[in-house]
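What follows is one structure encoded as structure tokens, with my remarks underneath.
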Amino acid sequence: MEQTAKSDCTHATAPEGVFSNDESWRYRRHLTLPEFGPEAQQKLKRGRVLLIGAGGLGSPVSIYLAAAGVGTIGLVDFDTVDLSNLQRQILYTTQDIGRPKVQAARDHLQALNPHVDVQVHETNLGRKNVAAILQGYDVVVDGTDNIPTRYLLNDACVQLGIPNVHGSVFRFEGRVTVFGMPQGPCYRCLYPDPPPPELTPDCTEEGVLGVLPGLIGLMQANETIKLLTGIGRPLVGRLLMCDAWSLTFRELQLARNPECAVCGKT
Ligand SMILES: [Zn+2]
């Protein structure tokens, strides 16, 4: 029965020569979605997405992007898997403890979808390597947990013209938006300068609800898919704030700052 249904669907949706039988069946729910279809699926297949951080946010983002059929997924992380990660970093299992995250992540993502090319960058993102690593990617997903890297990433994305899908989590609160689009603001439009380190919240100290990076990360994956395919209305110029405690959402309108030191003069 399964085989019969499979053949019917493949004939109904697969554009000749674009997708293998495996892909046509794998992405069937996309291919049959009228607003998506083979054209958007092909854009995903050609898409290149770089995830900064393979942790709480990077886990759900990478899993869903791999499942959806994004052709190339780059992962930047220099950390190893720790027991305390497993409460929220669903890319990893207990057996991965001690392994470099990017290697364990690559194994997981390629097992999920062998059509995805997973590029690993087992390094710390810094001023010297950021442009070389970002070059050639269509979308960057910010899943970092530290403020200096957010600024570094924002500035590089604006300079290179790459959209930056921003996500952050703290205790019960999460935020998501898209920076670096021509019609929208960048991170520095909101926060021109980094706060002093003593005022920077730290998830290690303050904690975070384990499902929260899942909620925020899935919205980052959603925005990434929309940016790659051109479907839907992206979260540009809008900051979505989620309070998991009461499960309420608020949306703030964000304007580009014409005086912004990074994107103001472009
Ligand atoms: Zn700006």
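Bear in mind that the values in this text are calculations on the coordinates, not laboratory data. Keep in mind the model is a prediction, meaning the values are calculated, not measured. As a convention, Cβ positions derive from the backbone with ideal geometry for all residues, glycine included, and neighbour counts pool all protein chains shown.
Under 1.5 on a/c is rounded, so check that first for segment 94-133, then, if it is not, pick prolate when a/b is larger than b/c and oblate when it is not; a ≥ b ≥ c are the square roots of the alpha carbon gyration tensor eigenvalues.
oblate
Quick check: pseudo-label points 7 Å beyond the Cα along Cα→Cβ at residue 231 and residue 78, how many nm apart are they?
Spacing of the two 7 Å Cα→Cβ label points: 3.9 nm.
Taking only C-alpha pairs under 8 Å that are 6+ residues apart, what is the relative contact order of the chain in percent?
Normalised by residue count, the contact order of the chain is 18 percent.
Indicate, rounded to the nearest 5 percent, the antiparallel portion of the DSSP beta bridges found entirely in segment 20-135.
Numbers: 1 of 11 bridges.
Percentage antiparallel, nearest 5: 10.
Rounded to the nearest 10 degrees, what's the angle between the helix 58-68 long axis and the longest principal axis of the chain, both from Cα atoms, 0 to 90?
So the inclination is approximately 20 degrees.
Along the Cα→Cβ direction, 7 angstrom out, place labels at residue 159 and residue 251. What is the inter-label distance in nm?
With each label point 7 Å from Cα toward Cβ, the separation is 3.4 nm.
From the square roots a ≥ b ≥ c of the eigenvalues of the alpha-carbon gyration tensor of segment 122-266, which class results: rounded (a/c under 1.5), prolate (a/b over b/c), or oblate?
Rounded shape, in that the Cα axes give a/c under 1.5.
Shape call for segment 30-253 from the C-alpha gyration tensor, a ≥ b ≥ c root eigenvalues: rounded (a/c under 1.5), prolate (a/b greater than b/c) or oblate? Spell out each step's value before the answer.
On the way: a/c = 1.28, a/b = 1.08, b/c = 1.19.
Because its axes are fairly even, with a/c under 1.5, segment 30-253 counts as rounded.
If you filter segment 103-173 for trypsin sites (Lys or Arg not before Pro), then keep DSSP loop positions with at most 13 other Cβ within 10 Å, what is left?
Sparse-neighbourhood loop trypsin sites (Lys or Arg not before Pro): 127, 128.
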